Each structure stands twice: as structure tokens, then as C-alpha cells.
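Chemist: Pasting a structure here, questions to come.
The values are calculated or read from the model by the stated rules, or taken from the named source; none is laboratory data. Bear in mind that the values here come from a model prediction, so they are computed numbers and not experimental data. In this analysis, Cβ positions are derived from the backbone assuming ideal geometry, glycine residues included, and neighbour counts consider all displayed protein chains. Keep in mind that these areas ignore ligands, DNA and RNA; they rest on the heavy atoms of the full protein, side chains included. Shrake-Rupley method; radii C 1.70, N 1.55, O 1.52, S 1.80 Å.
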Amino acid sequence: MSLPPLAEVEHAEWPVLKHMCESLGLNPKGRSAVVRMRVLDHVRRHARAEPWRAKREHIAALLTRLGFPEVSQDVWESTIQLDAPAPWLGLGQAQLAGGSLAEATRSFDRAARMGDADALLHRAGVLAAAGEYERAVRACESYLATHVGDLRALAMQADFLARAGFGEEAARVFRATAESRREIPGLLRAGGTALLRAGRHEAAVNMLMEATRAEPTDLDSRINLGAALLLAGRTREAIAAFRAVLKIDPHRAEALNNLGVAQLQLGQAKGAAGNIRRAAKLLANVGGSDRPPRARKRTPRKKTKSPPESDAAKPSPSSKPRKRRSRKAPPAERSKPPEPSPP
């Protein structure tokens, strides 16, 4: 008898379950729960797992990741159906990886019209890759209209706003997201960094101070705070911020370099040169061991004293060195060149 499906065994009534047990050669006696468990264990032990086979859409997605977007596009086109938006999404990603931005936009638009809202975010990424940040922001807003508070869409929207030069709007998005999602770190720092890149140094200082109060161990927030203070003209406060970072981690090269720049602005040339030199050494050792290289001790070589030369052996400034005569063989003893043999 062929093995019954597990779902059929779980929902079978007692007469059917008893018949299954007898057909499989099992003991049909006992409570119904015990008999059911006995049949389920037998089916699980003797059932053969079907081997997994990659479908064409799996192969197409793998080809895109492996760096063969042109081949992936051909495979995706063979899987396109009239009522399935997923192949259009995959085709758009392959076209984007191949540099065909216009074709990728059309594919994502097709998937969006078929009801896949994630296609709007993919389309926003294509628009941002083409430098059309304002249209990318509108695409994110269209997605957020139906997915309120989606973290990925908010982060993309704020990033596109910052790239477009709207640092204050990007900071507002980061702040609103940080207030609603307090369990996610780094949002206030991202907002302060957006203000810093937009040239709003004082506003960046205020937001980065909030970030350091919310996350005291976030060294990136402290380094960005020091940079904002330095650009805002508050050099002594910037030096204090960089030194606070170096107390926690003395090997942060960016903090050392920025500290040197701040000291140079105050006329502390010696300390500035030392810190910038240390930062350059740390950056040069990136990828090596964190431990600083140990200086090798050089063992002094023993100098061998040469015997004193007599005054007669030393050449005088006016005397010329004597030329050595080369010994030439007498003409009779010189070797003659071999003569050609007669034919």
C-alpha cells in the first residue's frame, strides 16, 4: 500500500485511521491519538523527500547576482506571465544590473500596474541611479501612501532628499522616523549627517548632540558632532569632542586627523602635526594587525681594528699610482688560429 499523505492521517476519523494502521502492518490497538501518532511516525520514516530542483526564476535571479545580466534577462523573459508581476521585477533588476535604466523603469512600472507595490521602491532606486532624485522621492511617497511607516521606504526617501540637496527635509524624515521607531539606532545620526552635508552646521550640531545623548557609545555620532562644531566655528568644543572619542578608542584615524585640523586652526602646529602623522600611520596600516609594529633592536656591529699603516705604505698626494704591466706571451709561444682543412 502506498503511504497516505500526512494531512490525511491527521484529519482521518477512527475507522479510516484503523484501516490505515492495519494496511501498513501496524498495531491498530490503543487510543486514537496513540494510533494516529504511530501511523504518522511510520509515514515520516518511510516517506521519500522529493529532490529540490531550481526553477527558471531561481536560475535567472542567480545569474543576475553572478554578474550575467544579459543571460538573466533572456531567462526572465521566458517566465513572464500575464497575471504575475514577479518576473517583471526580476527582469527589471537584471536590466538595472546591465545598465539599461529606461528598460528597467518600464519593467518596474509594469509590475506596479499589476499590483506589486514593492515595484515602486525598485523604480525609485532606478530613478536615483539616473540622478533624478526628485522623481525618486515622489516614487517613495507613492509607496508610503499605502505602507505608512515602512522603514525601508522612509530611509530611501530621506537619502534621496539629502542627495537632491534638501537636507532639512531629509533631517525631518529621519527625526520623525527616530521618534516613531526608537528601537532602531543611527536614525538621528543620519539626520544630523544630512544637515551637515547640506551646510546647516548649527542645525547639524543640535541634532548630533541629541544622537550622542540617545546613544553615548556611538562614536560615529561623536565624530560627526566634532566635524559640525569645527565647521560652525566652535573649534575648542570640536577639540573636546574629538578627544572624548579618542579616550574611548585611541585608534580612530578620522578623529585624530580632525583633531589635528582643529589644533592647526588654533595655532597649535606641533600637536597638530603629531596627530595628523599618527592618523596617516593608522590609515597606512589598514588591513594589517591592530597592534602597532614593534621596533626591531639593532645589535651594534663590532668594529675590527685594521693594523696601522706605515707612512711609507700610504700614497702621497703627489705620487701617481704605478701601472701594472701585463705579461704577454712571446711571439713564438702565441697560439695560432686554426687553418682551414684542405678539401
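Chemist: So which residues in region 172-194 are hydroxyl-bearing (Ser, Thr, Tyr) and closer than 18 Å to residue 222 by Cα, if there are any at all?
Modeler: Going residue by residue through region 172-194, those that are hydroxyl-bearing (Ser, Thr, Tyr) are 177, 180, 193.
Of everything in region 172-194, just one residue is hydroxyl-bearing (Ser, Thr, Tyr) and closer than 18 Å to residue 222 by Cα, namely 193.
Yes/no matrix, rows are residues, columns are (1) outside any helix (DSSP H, G or I); (2) aliphatic (A, V, I, L, M); (3) touching a strand residue (DSSP E or B) at 6+ places or on another chain (Cβ under 6 Å); (4) open to solvent by less than 10 Å² (accessible area, probe 1.4 Å):
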{"position": "190", "(1), (2), (3), (4)": "no, yes, no, no"}
{"position": "196", "(1), (2), (3), (4)": "no, yes, no, no"}
{"position": "207", "(1), (2), (3), (4)": "no, yes, no, yes"}
{"position": "210", "(1), (2), (3), (4)": "no, no, no, no"}
{"position": "222", "(1), (2), (3), (4)": "no, no, no, no"}
{"position": "236", "(1), (2), (3), (4)": "no, no, no, no"}
{"position": "243", "(1), (2), (3), (4)": "no, no, no, no"}
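For (1) modelled with pLDDT of 90 or more; (2) out of contact with any Pro (no Cβ under 7 Å at 6 or more places or on another chain); (3) of a type in the set (S, T, N, Q), each residue gets a yes or a no:
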site	(1), (2), (3)
13	no, yes, no
25	no, yes, no
35	no, no, no
41	no, yes, no
47	no, yes, no
50	no, yes, no
68	yes, yes, no
92	yes, yes, no
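Chemist: Of the residues that sit in region 178-188 and are surrounded by fewer than 22 Cβ atoms within 10 Å (Cβ to Cβ) and part of a helix (DSSP H, G or I), which one is modelled with the highest pLDDT?
Modeler: We begin by selecting, within region 178-188, every residue surrounded by fewer than 22 Cβ atoms within 10 Å (Cβ to Cβ); these are 178-186.
Keeping just the survivors that are part of a helix (DSSP H, G or I) gives 178-180.
Details: 178: 80, 179: 77, 180: 76.
Selected residue: 178.
Chemist: Okay, moving on. Tell me which helices (runs of 4 or more DSSP H) are completely within region 10-122 and hold 3 or more residues being under 20 Å from residue 136 (Cβ atoms) and open to solvent by 80 Å² or more (accessible area, probe 1.4 Å), or say none if there are none.
Modeler: Numbers: elements: 14-23, 32-46, 56-66, 69-78, 86-97, 101-113.
Correct list: 101-113.
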